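**Student:** Handing you a structure now.
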């Protein structure tokens, strides 16, 4: 039997209130917020965060596959999944694949993970899904699209929820669509797409699934399925005659429609509210639909107990101060380019173990931990050392506020922090997801993988620090 043994979620720290969009363009007022990735986040960094969440407490070497699903993959030619697997420090002898071009790519990746494990070609496949879709400014789509990521670990046992079976259908639709060179998603007529694309494909697949496995509507404990808006979400439930208690919130008022990872984010909430032997329907949509029947096991409460409650996740979200700040984060508003950044892809590749996988060295002679991996101990010069995995939490030793970052005045000032890591090691990292005033000596921080710049013809990534959730400045706490 194939099942899901663990799962993770990532929602960016910031949200944009829809009333800010309304005020900017004189649109009708709309309630709620949408999740907004920071300027240094993209689908890869968010997938990494969700991936770490899904394998917390699990030996990365036990994973033999990683599938990445996104409609906004940063690399068009170079496998995104391979890079994510590297940052997560997974083994090199694993299978990787990118799934893209449709919002059902996440469930399509789940389907292929299921098939690969069932055939005996793998035992543990991590499916990570993330999207950062850019809506065209001054359109109603700005209300609808949010950013985020989700992940599930598919294994060769029942785990916390066995995958009892699935149905997949393909249905050509007019839209929405985006060509390779289009900056924004295009659409014909929303009502047409809903009536002839979304509704028949999603409802048809779920009905076929329920008929195939003889599942009655009143036997469904939780229903998780993609929905572009709350009204469509309700219409699907009504058509399937699902009980109201089975409905899982699509989170449209909190984070909006996050695209391909939406169903995995909703599954996070479904698991949170499920006990053993619960029947869960899960379906993704996009040019057709994938529908799954999951059944929870006795192990579910043990894993759910290790996860942060969704209400606490939403409570930690912070609104962006202005709509203009949102445009800056999306790089819609750009400043003058003062210089062209230099970067060597070969040097980055050579230092992968330090730059991406977060390894340092520990001297066998004096015990000092240092970063990055180098030829000798920085304290005593000994060349006898162990290469070790560094911790991702620590405290600020000292910092400075930099008003000219990368030759530009953008999101400045930026706290540049020297951090003493737990269990040893001192590193230099920029701070993100926080106000410059948050920086202070002794502040507890955690490392987060982010995009740093464009250079050498590539997207360049590295680690930054951010204030540890729930930690306040000393004077504020006192």
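None of the figures in this text is laboratory data; all of them are computed from the coordinates on show. Computed from a predicted model, the values in this text were never measured in an experiment. With ideal geometry, Cβ positions are generated from the backbone for all residues, glycine too; neighbour counts draw on all protein chains shown.
**Student:** Just want the ordering: 213, 166, 285, from fewest to most Cβ atoms lying within 10 Å of their own Cβ.
**Tutor:** Going from sparsest to densest Cβ surroundings: 213, 166, 285.
**Student:** Something else: For residue 199 and residue 184, calculate 0.36 nm times their separation in residues minus their Cα-Cα distance, and state this gained length in nm to one decimal.
**Tutor:** 3.0 nm
**Student:** Another question, if that's okay. Calculate for the chain the 222 nm mean residue ellipticity that helices alone would give, adding -39,500 (n - 2.57) per DSSP H run of length 4 or more and normalising by residue count, nearest 500 deg cm²/dmol.
**Tutor:** Values: 15 runs with 118 residues, N = 478.
Calculated mean residue ellipticity at 222 nm is -6500 deg cm²/dmol.
**Student:** Moving on. What does the extension gain come out to for residue 420 and residue 79, with contour length at 0.36 nm per residue minus their alpha carbon separation?
**Tutor:** Between residue 420 and residue 79, full extension yields an extra 119.4 nm.
**Student:** Assuming a ≥ b ≥ c are the square roots of the Cα gyration tensor eigenvalues, decide whether segment 74-231 counts as rounded (a/c under 1.5), prolate (otherwise, with a/b larger than b/c) or oblate.
**Tutor:** Taking the square roots of the gyration eigenvalues as a ≥ b ≥ c, segment 74-231 is oblate.
**Student:** Determine, from the Cβ-Cβ distance of residue 115 and residue 435 and an R0 of 51 Å, the FRET efficiency 1/(1 + (r/R0)^6), rounded to the nearest 0.05.
**Tutor:** For R0 = 51 Å, the calculated efficiency reads 0.60.
**Student:** Going by the alpha-carbon gyration tensor, a ≥ b ≥ c the square roots of its eigenvalues, is segment 345-477 rounded (a/c under 1.5) or, if a/c is not under 1.5, prolate (a/b greater than b/c) versus oblate?
**Tutor:** Oblate is the answer for segment 345-477, as a/c is 1.5 or above yet b/c matches or exceeds a/b.
**Student:** Right, next: How do 114, 67 rank when sorted from fewest to most other Cβ atoms within 10 Å of their own Cβ?
**Tutor:** 114, 67
**Student:** Please list, in order, the residues from segment 53-73 whose amide nitrogen is less than 19 Å from a point placed 7 Å along the Cα→Cβ vector of residue 458.
**Tutor:** From segment 53-73, the list is 73.
**Student:** May I ask you to derive the FRET efficiency for residue 365 and residue 56 from their Cβ-Cβ distance with R0 = 30 Å, giving the value to the nearest 0.05? Before the final figure, lay out the partial values.
**Tutor:** On the way: r = 33 Å, r/R0 = 1.11.
Calculated transfer efficiency: 0.35.
**Student:** What distance in nm separates the two pseudo spin-label positions at residue 207 and residue 428, each 7 Å out from Cα along the beta-carbon direction?
**Tutor:** The answer from the label model is 6.4 nm.
**Student:** While we're on this one: Going by C-beta contacts inside 10 Å, put 428, 267 in order with the fewest on the left.
**Tutor:** Fewest to most other Cβ atoms nearby, the residues stand as 428, 267.
**Student:** For segment 3-329, what is the per residue volume of the convex hull drawn over the alpha-carbon atoms, in cubic angstrom?
**Tutor:** Measuring per residue, one finds 126 Å³ for the Cα hull of segment 3-329.
**Student:** Nearest-5 percent of antiparallel DSSP beta bridges in the chain?
**Tutor:** Among the beta bridges of the chain, antiparallel pairing accounts for roughly 80 percent.
**Student:** Quick one: if the Förster radius is 25 Å, what FRET efficiency do residue 316 and residue 30 give, using the C-beta to C-beta distance and rounding to 0.05?
**Tutor:** Calculated transfer efficiency: 0.65.
**Student:** Once you put a point 7 Å from the Cα of residue 400 and another 7 Å from the Cα of residue 301, both along the Cβ direction, what distance in nm separates them?
**Tutor:** About 5.5 nm, to one decimal.
**Student:** Here is a follow-up. Using 0.36 nm per residue, how much length does the chain from residue 169 to residue 331 gain when fully extended, once their Cα-Cα distance is taken away?
**Tutor:** Details: separation 162, 0.36 × 162 = 58.32 nm, distance 3.72 nm.
My answer for the length gained is 54.6 nm.
**Student:** With the crude spin-label approximation of a point 7 Å out along Cα→Cβ, what separation in nm comes out for residue 353 versus residue 192?
**Tutor:** 5.8
**Student:** Give the shape of segment 162-216 as rounded, prolate or oblate, defined through the alpha-carbon gyration tensor: a ≥ b ≥ c are the square roots of its eigenvalues, a/c under 1.5 means rounded, and otherwise the shape is prolate if a/b is larger than b/c and oblate if not.
**Tutor:** prolate
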